[in-house]
Amino acid sequence: MIDLPDDEILPLSMEHNFWTWSAQSKVNPIAIKRAKGVYFWDVQDKRYLDLNSMTMCVNIGHGDERVINAMVDQVRELPYAGPGMATKPRAILGKLLSEICPPGLTKFLYTLGGADANENAIKLARAYTGKHKILARYRSYHGASYGAIAVTGDPRRVAWEPTVMPGVVHFLDPYRYRSTFHRTNPNLSEEDFAQDYLNHLDEIIQYEGPDTIAAVMLESVTGTNGIFVPPSSYMQGVRALCDKYHIVMIADEVMSGFGRTGEWFAVDHWKVVPDIMTMAKGLTSAYAPLGAVAMKPEIAATFNDRVFQGGLTYNAHPVSMAAAIANIQVMLQDHLVEKSRQTGLVMAEMLAELVERHPSVGEVRSIGLFGAIELVKDKATREPTAAYGMSSPEMTAIKQYLLDHGVYLYTHWNIILLIPPLIITEGELAEGFDVIEKAINITDKIAKKQE
C-alpha cells in the first residue's frame, strides 16, 4: 500500500472525492485511522465511542480478527469467482442463512448491498405475481439507487423526483407519538391502534385495486426515520392482508437484521414469515459489501424455466461471502443476539430515565440495541426541535457537542439514534449516555417547562 502521512489524509481526500449525502462546500469529515471494538480513532489519536455502528452496520464491532482472517484466507485461495459459479463460501453461506432465517425462506439471491437487494425483491415480487404496484410507508428508507429511492417514503425520495420506477404507492406508518388518527385519543389500546392502521392499509389496497398490487414492502422496524417498533398484532395483520389479497410481503431487514433488535431478525419478535426478506449491513458487519434477498421456494420457482434477467459483476463475491460466514459464526459463538436482547433492556432503562429528567425529551423508543430519542420544544404540543425533513441550530449543536466529547452517533431531524455494536458493555453504554445527557441540555434550554 502507498504510504501517506496522517496529516495528508484529510486534505487529499477533500481534493479528489465527491461526498454523498452532503453539500460539497460544507463537507467536514472525520479523518479516521483505526478502529477496534466499539471505538475508532482519528488521525490525531482522539478516541470516539461508536454509538452508530459506523453506518448502522458493524454489529459485531470493529476489528474482529476471526472475520479478518477468514477474508485473508479466502483472498489467498480464491479472490474472485464469477456470479454464475459455485464456490465453497457460497455453498456454506446458503446453508447458514437457511438455518437462521424465518422458516421457509430457503432461497437466496446475493447482491452488493441493501438498495439492490430491495430492488431485486421488487423484481421478484412483480414477476411472481404478474402485478406491478408496490405499497410502502411514508416514513421509510429503502436505499439510494433509483428504484430503492422511489419506494422510499421520506424526503430523500423527493430530491430525485420524478423517479424512473412507476407504480409505487405510499401509506401511513403506525407512529403512535405522532399518530394522524389518534391525536385526541391517547388512551386507545395498542390492539385498537394497530387495527386502525391496518384498516388504513386495507383501504389503500381497495383504492388501488388488489389485482394491481405485487407487494407491500416495509421495514420490520423503521430505521433512520425514528426506530418505530410496530404495535403488537400489526405485523401479523399485514401478513394477513397480504395473504387475503395474494400480495407478496417484503420485509426490509437491512438495518434491523442480524441481532440488532434482540432476535436474528425483527420479524421473529412477531413470529411472522414474509415471502421475501432483504438483508445487508449486519450480514457481514460491513467487513465487506454484501446484500441478500431471502425468498420462499415458490417465488424462486418462477424462474425455473424463465431466465432471471439480472445480476452484477460482484454478486456472490467470495471474499464477501467468507466475511458473512465468519460474521455469523462470531455472532453464534459470542451469543450476540442474546447479548443484544439483554443489553437492550439496560439501554431501555437508560432511555426511560431521560424522559423523566429532560423537558426536551418527548419520547424514547427501543427494541434490542436499536433506539431513538425524540426531542421536542414542548412536551404538551410535541412540537419537534427540528421540522420534518429539516435540521435546526440546536440539533446541529447537539451533534457537535457529542463529537467534541468523543461520541459518534447519527441525528435525523429531531431524533437522536442509538445503534451501537452488539458487543457494547453496560459500562460503555453508560459512558455514552453520560455525554448524551449533557448534550441534551442544549435542547432543554429551548423546551417549554411543564408545570
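What follows is calculated from the coordinates using simple rules that are stated; it is not laboratory data. Just so you know, these numbers come straight off a predicted model, no measurement behind them. Positions of Cβ are backbone-derived with ideal geometry, glycine not excepted, and every protein chain shown enters the neighbour counts.
For a bin width of 5 Å, list the pair-distance distribution of segment 66-333 built from all Cα-Cα distances, rounded to whole %.
Result returned by the calculation: 1, 6, 13, 17, 19, 17, 12, 8, 4, 2, 1, 0, 0.
Rounded to two decimals, what is Rg over Rh for the chain when you use alpha-carbon atoms and the Kirkwood radius? List each step's numbers first, then the result.
On the way: Rg = 21.9 Å, Rh = 22.9 Å.
We get a ratio of 0.96 for the chain.
Taking the simple approach of a point 7 Å from Cα along Cα-to-Cβ for both Q329 and S25, what is their distance in nm?
In this crude label model, Q329 to S25 measures out at 5.2 nm.
Can you give the charge dipole size of segment 66-333 about its Cα centre, rounded to the nearest 20 debye, using +1 on the beta carbon of Lys and Arg and -1 on the beta carbon of Asp and Glu?
Its charge dipole is roughly 600 debye.
For segment 1-69 and segment 428-446, write down the distance between their C-alpha centroids in whole Å.
Using only Cα atoms to place each centre, the spacing works out to 24 Å.
Between V364, L351, T212, whose Cα lies farthest towards the positive end of the dipole of the chain when Lys and Arg beta carbons carry +1 and Asp and Glu beta carbons carry -1, centred on the Cα centre?
T212
Give me the three principal axis extents of segment 358-411 from the C-alpha atoms, as integers in angstrom, largest value leading.
Ordered largest first, segment 358-411 gives principal extents of 33, 30, 23 Å.
Taking a quarter of the surface of the Cα convex hull of segment 84-123, what do you get in nm²? Write down the numbers at each step before the final one.
Working: hull surface 13.8 nm².
That works out to 3.4 nm².
List the pairs from K88/K281; K133/K281; K33/K281; K95/K296; K26/K377 whose alpha-carbon separation is above 19 Å, in the order I gave them.
Numbers: K88/K281 22 Å; K133/K281 27 Å; K33/K281 21 Å; K95/K296 14 Å; K26/K377 27 Å.
Listed pairs above 19 Å: K88/K281; K133/K281; K33/K281; K26/K377.
Please order W264, W41 by the number of other Cβ within 10 Å, starting at the fewest. Don't jump to the answer; show the numbers that get you there.
On the way: W264 21, W41 15.
Fewest to most other Cβ atoms nearby, the residues stand as W41, W264.
For segment 321-408, just say rounded, prolate or oblate: build the C-alpha gyration tensor, square-root its eigenvalues into a ≥ b ≥ c, call rounded for a/c under 1.5, and beyond that prolate if a/b exceeds b/c, oblate if not.
Because a/c hits 1.5 or more and a/b exceeds b/c, segment 321-408 counts as prolate.
Read phi for every residue in segment 415-429 and hand back ³J(HN,Hα) as whole Hz from Karplus 6.51 cos²θ - 1.76 cosθ + 1.60, θ = phi - 60°, with x for Gly and Pro.
Coupling constants for segment 415-429: 10, 9, 9, 10, 9, x, x, 5, 7, 4, 8, 4, x, 5, 5 Hz.
Using helices alone, I'd like the mean residue ellipticity at 222 nm for the chain: each DSSP H run of four-plus residues gives -39500 (n - 2.57), total over residue count, nearest 500.
Details: 14 runs with 168 residues, N = 451.
-11500 deg cm²/dmol, from helical runs alone.
Report, by chain and number, residues whose modeled amide H sits under 5 Å from the one on K107, excluding near sequence neighbours (fewer than 5 apart, same chain).
Sorted by chain and number, the residues that satisfy this are M295.
How high is the FRET efficiency between L188 and Q236 when r is their beta carbon distance and R₀ equals 22 Å, given to the nearest 0.05?
0.75
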